[in-house]
Amino acid sequence: MKELVTGPDLDDETLIAHYARPARPTLRVSFVSSADGAMEIDGLSTALSGADDKRVFGVLRMLADAVLVGAGTLRRENYRPIRLSPPRVAWRRAHGLPDVPTLVAVSHSLDLDPAMPALADAPVRPIILTSSGAHRPDLLRVADVVRFEDQDLLSPVRARALDQILCEGGPRLFGTLLAADAVDELCLTVAPVLAGAGASRITAGPVSPPRDMRPAHVLRGGDHLMVRYVRRHPSVDRAPTGCG
Ligand SMILES: NC(=O)c1ccc[n+]([C@@H]2O[C@H](COP(=O)([O-])OP(=O)(O)OC[C@H]3O[C@@H](n4cnc5c(N)ncnc54)[C@H](OP(=O)(O)O)[C@@H]3O)[C@@H](O)[C@H]2O)c1
């Protein structure tokens, strides 16, 4: 494991080195949690975040082909269209990538407002993955709506050559992906807060067996700790090698 890197060094260059774009298709999940394991305070993750966590959040988006998010998070967290700063767009262009990653929302009900900015103002046409046969022609004006079967929600994304997938939550989507054994990495920020009882964990939904992970690094930004866990595999170490 790399040594603990502290605050002043956490510029984009340092973060790119630590979260390097994996060489093979990867599902990376990103969450922030309180020190006692809460994933929200008053229903939002905002109070748990900090300046360096936000920088990691932005760099993870810069490194991704697709940003996957559950409909609950999309609705609750008032998602904005994905936009990157000019230097990050320049980095992507230099690496042969489109200016921004594609937003991929996951919903069973398709209870999504086509006017929500994350969809209506998206710089790249979003994809909505659904497990239902619900008919919502109004959503087709702003997004591709793609049906997936048997919880295999990554196949339609990978079929579009969106290999590096960043999942930004929420817990029910994460629980589904864990149950499908699809998660390669967890990028977890631990906030210096004790939220107390009542708040939910970062996983919910179907029960799945424990998966062994190993920490690839721990970064310290202010009083936040940013840990990158990669999948520990009995025979093959699935830790992606960097090419960023
Ligand atoms: N701490 C953090 O880093 C963080 C990150 C993200 C979210 N959050 C918090 O998480 C909370 C929201 O929780 P949530 O459980 O509602 O989030 P979620 O997992 O984003 O959304 C759940 C919804 O996503 C859709 N969905 C998820 N998995 C699906 C599957 N396998 N098949 C079909 N549809 C699927 C369904 O949408 P439909 O209802 O449309 O059918 C489901 O109701 C908020 O409080 C938010 O602040 C925290």
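The values are calculated or read from the model by the stated rules, or taken from the named source; none is laboratory data. Note that this is a predicted model, so its numbers are computed, not measured. Positions of Cβ are backbone-derived with ideal geometry, glycine not excepted, and every protein chain shown enters the neighbour counts. Ligands, DNA and RNA are stripped out before the accessible areas are found, and what is left, the full protein with its side chains, is counted by its heavy atoms. Shrake-Rupley method; radii C 1.70, N 1.55, O 1.52, S 1.80 Å.
Any residue at all in segment 161-182 that is of a type in the set (G, A, S), more than 11 Å from the ligand (Cβ to nearest atom) and under 16 Å from T26 (Cβ atoms)?
Within segment 161-182, one or more residues are of a type in the set (G, A, S), more than 11 Å from the ligand (Cβ to nearest atom) and under 16 Å from T26 (Cβ atoms).
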Selected residue (criterion: most open to solvent (accessible area, probe 1.4 Å)) from residues of segment 42-60 that are in contact with a strand residue (DSSP E or B) (Cβ under 6 Å, 6 or more places away or on another chain) and within 14 Å of the ligand (Cβ to nearest atom): A47
Looking at the structure I just gave you, is R28 surrounded by 17 or more Cβ atoms within 10 Å (Cβ to Cβ), closer than 25 Å to L153 by Cβ and of a type in the set (D, E, K, R)? yes
Selection over segment 35-73 where residues are touching a Ser or Thr at 6+ places or on another chain (Cβ under 8 Å), acidic (D, E) and assigned to a helix (DSSP H, G or I) yields a count of 1
Is it true that D12 is more than 16 Å from the ligand (Cβ to nearest atom), open to solvent by less than 40 Å² (accessible area, probe 1.4 Å) and either under 16 Å from the mean Cα position of the chain (by Cα) or of a type in the set (S, T, N, Q) (or both)? no
